[in-house]
Structure formats: C-alpha cells, structure tokens
Amino acid sequence: MPYLVAADLPEAPAGARFRALLERPGIVQIPGTHNGMAALQAKTAGFQAAYLSGAAMTASMGLPDLGIITVDEVCFFIRQVVRASGLPVLVDGDTGYGEALNAMHMVRCFEDAGAAAVHIEDQLLPKKCGHLNDKRLADARDMAAKIAAAIRARRHLYVIARTDAVANEGMDGAIARAKLYVEAGADAIFPEALTNAAMFRAFAEALPGVPLLANMTEFGKTPFFTAGEFEAMGYRMVIWPVSSLRVANRAQEKLYAAIRRDGGTQAMLEAMQTRAELYALVGLHDYEALDASIVQTVVPLGMPQRLADGVQSSGGTNM
C-alpha cells in the first residue's frame, strides 16, 4: 500500500527512479494509463513506468485534445496515477501551458504532484494531436528557451523535448530543432509523427547518444512497430498513449448498448471484472487489515489516582 504506509514509499525521487530505468539494458516500455485503475492494472501486468497522455486525459473528460485543460486538472490525474501505482510517471505537458514562466510553473506543479518526467512540444496554441495536419510550430529558439526554463525549475524531473516539425519542416528541420533543444538542456528527444522505419533510424543516427522516445499510437501516421523494433532502431523509450482509453471506451460503449437493448447487464457479465477481482486488485483486505492493526479503542480501567504531590497518575495536574 504505497499510498498510506510511509515505509512502503520509494526513497528516491520519481525523476531519479525514471532515470534509473533508462540506465538498464533494453527499451523502457511505458503504457498509457488514463486513470488510477489503469495505472494499477499496468503495474500488475509488470510494467515499471506509466504514461499520462493529454489526449487520454481530455477525452476521459469528454473534451477534445486542443490544449484547453489546465495544469491543476492534469495534476489531479498525476496524483491518482502515482498514488494508485507507485510507478514513475511520464506526463504529457503539451506546450508547457504558455511561455517560459508558465512552463516553469508546470514543472513545479508536476513535481509536487509526484511526476517523474514530462515532455513539452514545440507547437503553438491551440495545439493538436501530433498525428493531425495543420499544426503550427513555435519558433525554435523560443522553444529552446522554454526547455531551458523548465530545466532551471526542476529538482529531479526528467525533461523530454518533443518536436512536431517533421510535417512542416521535414527531417532536416526537425533534427536541427532537436539538437537545439538538447543544447538547451533537454534530457531526451521525442520526434513525433514519423511515418516509416527509415525516418526513425535517420533521427537516431543524427542524434547519437541522445535518449529518444517513440510514440506507438494507433490510427495515426506511424505504422505498427513492436518495442523490440523501436529498440533496434535506436530508441530508449516507447509509449502507447491512448490504448487503455480506447479499449475502455469501446467496452463501455458495448455495455450501454446492451443495457439499452436488453434492459439489464445480463449479456455483459462475462466481460466484467468481478467484485472479488476488483477488491483483490485495489487491495481492499490489505487496507482493512491495516486499519484493524492501528485503530483500536483504548478503554480506561478506572478513575485516575491522586498522588502525594497533587499530580494525577494520568499525567495531568489536579484542577
């Protein structure tokens, strides 16, 4: 129970734990976890880090991914995912929620909420999903200044610079931007919306020694690659940002259709997590046992006795 028992909490800051993952052999696989339950399920499946997608957060709120949610709303998601799983969490920081000072504020808020890492993109508001067209880019040096500001604000947060420039400025423009962002202090680079293996390899070859993040989102511009294939192309991290939300949304859609059609959930029982499975996953009995070990009524045995010096045996002074 990492949320309640201090002894179960990791001693190292979240950012340090994220860095430690990257120092191990192999690519770090980071599934999207759009809420605390998804994060808990990802941890149970064996993943060692989690991702919070801006698109998944906004969609779960019934909103489009246009950069219209606030830092405080994102921190609500960060806290529940960190609390539920205890995993180091990489968070989608969109454009930093403004300019340099706003990005610094975001870093402070995200760290305080428990985030391990953040990526910031070089789009202008209203920003779009990286796999859509007509994205507007920030000036490269303005973006570099924002990255430098984020680095100045962080204590341990791992800062990844995302570039959406491939569609507008081609590979050469995107690589030039990435190098500028590394010079500004970015810990890693996230080249968004690459469309084939050759582009992924070329980007890695152009930035030797720089940790790279790949985005394996469905229904976008990037064809399907496995984690092993991304690793072979030179990438250290891969995210599946919205997959958990897509699956959950489809399941809910079928549920509501069944209730409307059948007047009940009887046709959906086989697709449901049982009550016992839910309680086991959230550790209900562990919480009950913890509660029982702490909360115990102390019943006084009798009236406190007076002592010769006028002080009660309970430690209080006679009044």
Tabulated pairs, the stretch 273-294, first over 22 Å from A42 (Cβ atoms), second open to solvent by less than 80 Å² (accessible area, probe 1.4 Å) and of a type in the set (V, I, T), C-beta under 9 angstrom, 6+ apart or interchain
L290/V5
If I ask for residues that are surrounded by fewer than 24 Cβ atoms within 10 Å (Cβ to Cβ) and either within 10 Å of the chain's Cα centre (by Cα) or modelled with pLDDT of 95 or more (or both), which ones from the stretch 109-124 would you list?
C109, E111, D112, A113, G114
In the stretch 131-162, the residues that are more than 23 Å from L21 (Cβ to Cβ), surrounded by 18 or more Cβ atoms within 10 Å (Cβ to Cβ) and touching a strand residue (DSSP E or B) at 6+ places or on another chain (Cβ under 7 Å)
K135, L137, A138, K146
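Please state which one of F230, F203, F225 is aromatic (F, W, Y), part of a loop (DSSP other than H, G, I, E, B) and in contact (Cβ under 8 Å) with a residue 24 or more places away in the chain. Walk me through it before giving the result.
Values: F230 fails: part of a loop (DSSP other than H, G, I, E, B); F203 fails: part of a loop (DSSP other than H, G, I, E, B).
Testing whether each residue is aromatic (F, W, Y), part of a loop (DSSP other than H, G, I, E, B) and in contact (Cβ under 8 Å) with a residue 24 or more places away in the chain leaves just F225.
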Taking the stretch 78-125 as the region of interest, how many residues are assigned to a helix (DSSP H, G or I) and not aromatic (F, W, Y)?
21
Please find, within the stretch 206-218, the residue that is farthest from Q48 (Cα to Cα) out of those that are open to solvent by 20 Å² or more (accessible area, probe 1.4 Å) and touching a residue at least 12 places away in the same chain (Cβ under 8 Å).
A206
Criterion: among the charged types (D, E, K, R) and either open to solvent by less than 30 Å² (accessible area, probe 1.4 Å) or within 28 Å of T58 (Cβ to Cβ) (or both) - qualifying residue of R261, R201, R246, R275
R246
Return the residues of the stretch 187-200 that are in a loop (DSSP other than H, G, I, E, B), modelled with pLDDT of 95 or more and within 18 Å of the chain's Cα centre (by Cα); say none if nothing qualifies.
D187
Quick check, is A174 surrounded by fewer than 23 Cβ atoms within 10 Å (Cβ to Cβ), among the hydrophobic types (A, V, I, L, M, F, W, C) and part of a helix (DSSP H, G or I)?
no
Give the residues of the stretch 219-243 that are within 17 Å of A50 (Cβ to Cβ) and open to solvent by 40 Å² or more (accessible area, probe 1.4 Å), sorted by residue number.
R236, W240
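The values are calculated or read from the model by the stated rules, or taken from the named source; none is laboratory data. Because the structure is predicted, anything quoted here is derived from the model rather than measured. Counting neighbours? That spans all protein chains shown, and the Cβs are built from the backbone with ideal geometry, glycine included. Just so you know, the surface numbers come from the protein's heavy atoms only, side chains and all, with ligands and any DNA or RNA stripped out. Shrake-Rupley method; radii C 1.70, N 1.55, O 1.52, S 1.80 Å.
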